[in-house]
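Beneath this line is the structure, given in structure tokens, with notes to follow.
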Amino acid sequence: MSEALNHQSNLPLEGKPQRPIVELLALALPTIAQMASYTAMQFADTLQLAVGAGDVAATAAGLAGFMVFCVQGWCFGALMCVNTLVSQSVGAGKNADCGRYLWQGIWFGIIGGLVLVPTMIFVRPILEYMGHGPQLIADANTYYSIEVLALPVRLAGLALGQFMLGIGRPRITLFAAVIAVAVDVGLNFIFITGRYGFPAYGVAGAAWATNAAVCVEAGIIAGFAFGPKLRGVYQTMRAKLHGPSIKQLIRIGFPSGIQVVSEIAAWFVFMMWIMAMYGQATMAANNYMMQYMKVSFMPAFGLSGAVTALVGRYVGMGRLDLARRRAHLGFAVATTYMISCGLVFWFGRHHLIQLFSDDPEVVRIGAILLALAAVYQLVDALYIIYIGALRGVGDTAVPAWITAILCWSIVVGGGALVANRWPSFGPLGPWLMAVTYGVILGGILLIRFSRGNWKAIVTKDAPVQDPASPPADVELVAAQTT
């Protein structure tokens, strides 16, 4: 057993010896593209709407897109754990179990997406309650009501993408992501302002373009996942529900979903309520700044997904030392990338905002917020990487509650307090509270992972063996720790 583990410890998911940094980047770079594809679509929608339809339409689409991401947050967080279960199964030599985990994720995504479609009826009342203008409310309601229709496909596609990362086939997700973004940009060009005989659909055109791109991306990944090559190795046609596996996905994924949705909801309140206290120009500036923030942190989330896959893989092999090293290596890479983004934000803050708007007040406020975003990059990498590392070992419950408590108390509570008690700080005040949140949360997660208290959790949540599966060549880490 020890010889088998030693032999496999230097092998990436594809099975060829590689240096640690090469192993990480070979998985991370396509993963980054896959995770960033939806962000790139949102960025394209906002930019093309800002140019073709104005600040109000662009702000409405940005807020509505954020609302869609918020309502799907619990499903999104849970489906990220498909990566955990599949990668641990691959590391343990149980390839035949991977297809079963894939399908539990697909069914979970489809059902969850269908349940969330009716949330479109709440958009207009929520925005009216928050006091937004009639045009912004109408545009946001239109965008949301269209985009939410694609949630079943989007969530099923997420399960497919996480499966590909878990088995070490990230180039497929890269290919699908590139094609999807190209489809979105191309259809935006036609539908937003009206070209080639089509009428100008505005925000509705941007939403339909995003939905088409999401379907294309999911379809491409599905074509590979169910193709003859992967179907035989990973049993990807095992479509029936499997009780123990779906329970395991929910047990691990439920806290992860809570973490995602609580944080997204808090940021939604921060953007829609606290930033709205400072007026429409601040709302627009904050929306444009957030587009750049997403461009920086969503690739970091892609790197976090690669860390989840590698940590899970080495956990499945019983190599907890290598799991820890890959997490720290991921943090070093993420920090380098995000500091680079911060420098771009700092030195190009005026020019970057001017790409969206020529309103002097919007540019002034946006430049201030981008300068603060540059500082935020320094602490964001801590949270993003180590939440992924903890997800890889199945430690999701405690980080979820810590994130929820800190986000709502500091970002929302602290931000609202500063906005009401010290309005002279302007939007800079609430954002200083957001930076404080990032520093505290990132430090807590780093300490939790470094102490290694998750070793016992690995044993409890190791992948479930299906009696129909062939014998494993390598036992799970549970066998190494009992």
In the stretch 300-325, what residues are open to solvent by 20 Å² or more (accessible area, probe 1.4 Å), assigned to a helix (DSSP H, G or I) and in contact (Cβ under 8 Å) with a residue 40 or more places away in the chain? PHE301, LEU320, ARG324, ARG325
Matching residues, the stretch 396-414, being open to solvent by 10 Å² or more (accessible area, probe 1.4 Å) and under 30 Å from PHE163 (Cβ atoms): THR396, ALA397, VAL398, TRP401, ILE402, ALA404
If I ask for residues that are surrounded by 16 or more Cβ atoms within 10 Å (Cβ to Cβ) and under 14 Å from ILE106 (Cβ atoms), which ones from the stretch 208-229 would you list? ALA218, ILE221, ALA222, ALA225
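Results for (1) closer than 18 Å to ALA218 by Cα; (2) surrounded by fewer than 21 Cβ atoms within 10 Å (Cβ to Cβ), shown as yes or no for each residue.
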residue: ASP55; (1), (2): no, no
residue: LEU63; (1), (2): no, no
residue: CYS75; (1), (2): yes, no
residue: VAL82; (1), (2): yes, no
residue: TRP103; (1), (2): yes, no
residue: ARG124; (1), (2): no, yes
Hey, can you tell me all the residues within the stretch 401-433 that are within 19 Å of VAL375 (Cα to Cα), over 21 Å from the mean Cα position of the chain (by Cα) and in contact (Cβ under 8 Å) with a residue 60 or more places away in the chain? GLY415, GLY426, PRO427, LEU428, PRO430, TRP431, LEU432
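Condition first: open to solvent by less than 80 Å² (accessible area, probe 1.4 Å) and either touching a residue at least 40 places away in the same chain (Cβ under 8 Å) or in a helix (DSSP H, G or I) (or both). Now tell me which residues in the stretch 338-360 satisfy that. Break it down stepwise before answering.
If we filter the stretch 338-360 for residues that are open to solvent by less than 80 Å² (accessible area, probe 1.4 Å), which is where we start, we get 338-342, 345, 348-349, 352-353, 356-357, 359.
If the condition is that a residue be open to solvent by less than 80 Å² (accessible area, probe 1.4 Å) and either touching a residue at least 40 places away in the same chain (Cβ under 8 Å) or in a helix (DSSP H, G or I) (or both), then MET338, ILE339, SER340, CYS341, GLY342, PHE345, ARG349, LEU352, ILE353, PHE356, SER357, ASP359 are the ones that fit.
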Checking the structure you have, find out if any residue of the stretch 415-436 is at pLDDT below 85, of a type outside the set (A, V, I, L, M, F, W, C) and either buried (at least 20 other Cβ atoms within 10 Å of the Cβ) or within 28 Å of GLY318 (Cβ to Cβ) (or both). yes
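Suppose we filter GLY194, GLY205, GLY232 for residues that are outside any helix (DSSP H, G or I) and either out of contact with any Gly (no Cβ under 6 Å at 6 or more places or on another chain) or open to solvent by less than 20 Å² (accessible area, probe 1.4 Å) (or both); which single one remains? Outline the logic, then answer.
Working: GLY205 fails: outside any helix (DSSP H, G or I); GLY232 fails: outside any helix (DSSP H, G or I).
Just one listed residue meets the conditions, GLY194.
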Looking at (1) open to solvent by less than 20 Å² (accessible area, probe 1.4 Å); (2) within 16 Å of the chain's Cα centre (by Cα); (3) hydrophobic (A, V, I, L, M, F, W, C), find the lone condition where LEU382 falls short. (1)
Can you tell me which residues in the stretch 121-142 are on the phi < 0 side of the Ramachandran plot and either outside any helix (DSSP H, G or I) or modelled with pLDDT of 90 or more (or both)? MET130, HIS132, GLY133
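On the given criteria, is ILE111 in a helix (DSSP H, G or I), more than 29 Å from VAL363 (Cα to Cα) and either in contact with a His (Cβ under 8 Å, 6 or more places away or on another chain) or modelled with pLDDT of 80 or more (or both)?
Numbers: in a helix (DSSP H, G or I): yes; more than 29 Å from VAL363 (Cα to Cα): yes; either in contact with a His (Cβ under 8 Å, 6 or more places away or on another chain) or modelled with pLDDT of 80 or more (or both): yes.
Criteria met by ILE111.
The values are calculated or read from the model by the stated rules, or taken from the named source; none is laboratory data. Please read all numbers here as calculations on a predicted model, not as lab measurements. Ideal geometry is used to build each Cβ from the backbone, glycine not excepted, and the neighbour counts take in all protein chains shown. Accessible surface areas use protein heavy atoms only, side chains included; no ligands, DNA or RNA. Shrake-Rupley method; radii C 1.70, N 1.55, O 1.52, S 1.80 Å.
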